[in-house]
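Working notes, beginning with the structure itself.
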Amino acid sequence: MITAKLVGSIWATRKAEVLNGYKLMLVEVVGGKESGKRMVAADVVGAGVDDRVLVTTGGSARKMLGDDNIPVDAAIVGIIDEDCCFEE
């Protein structure tokens, strides 16, 4: 799992039909050697911009969406309530 900050939303006028109903969000990794890296993640928990979130990737992300064949590589699976452990 990755800790990240939700920095924006992605608007797609056209996308794969299986992605309909999912919010696509832009997240920035916080901490570790990947700090600052940005990625697109499907939101399954209703997070908002500036929230600190937990992101899972790969097969775990697809399982969260209930479809091993969905074209998603990252999913937001949690909202962090307390930011005691982050350095910016």
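The values are calculated or read from the model by the stated rules, or taken from the named source; none is laboratory data. In this text, all values refer to a predicted model and were calculated from it rather than measured experimentally. Here the Cβ is made from the backbone with ideal geometry for all residues, glycine too, and neighbour counts use every protein chain on show. Remember, those area values only see protein heavy atoms, side chains included, never the ligands or the DNA or RNA. Shrake-Rupley method; radii C 1.70, N 1.55, O 1.52, S 1.80 Å.
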Problem set entry | Residue check for Ser9: touching a strand residue (DSSP E or B) at 6+ places or on another chain (Cβ under 7 Å), open to solvent by 40 Å² or more (accessible area, probe 1.4 Å) and either in a strand (DSSP E or B) or modelled with pLDDT of 95 or more (or both) | yes
Problem set entry | Test for Ala41: is it farther than 12 Å from Ile76 by Cβ and either in contact (Cβ under 8 Å) with a residue 60 or more places away in the chain or of a type in the set (A, V, I, L, M) (or both) | no
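What do you reckon, is Ala16 open to solvent by less than 40 Å² (accessible area, probe 1.4 Å) and either of a type outside the set (D, E, K, R) or in contact with a strand residue (DSSP E or B) (Cβ under 6 Å, 6 or more places away or on another chain) (or both)?
Values: open to solvent by less than 40 Å² (accessible area, probe 1.4 Å): no; either of a type outside the set (D, E, K, R) or in contact with a strand residue (DSSP E or B) (Cβ under 6 Å, 6 or more places away or on another chain) (or both): yes.
The answer is no for Ala16.
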Problem set entry | Residues within the stretch 29-79 that are part of a loop (DSSP other than H, G, I, E, B) and closer than 17 Å to Met1 by Cβ, tallied | 15
Problem set entry | Qualifying residue in the stretch 55-62 (condition: touching a Lys or Arg at 6+ places or on another chain (Cβ under 7 Å), open to solvent by 40 Å² or more (accessible area, probe 1.4 Å) and not polar (S, T, N, Q)) | no
For this session: Might you let me know whether the stretch 22-43 holds any residue that is modelled with pLDDT under 95, of a type in the set (Val, Ile, Thr) and either over 21 Å from Asp81 (Cβ atoms) or open to solvent by 50 Å² or more (accessible area, probe 1.4 Å) (or both)?
Result: no
Seminar exercise, completed: Cys84: passes all of (1) surrounded by fewer than 11 Cβ atoms within 10 Å (Cβ to Cβ); (2) modelled with pLDDT of 90 or more but (2)
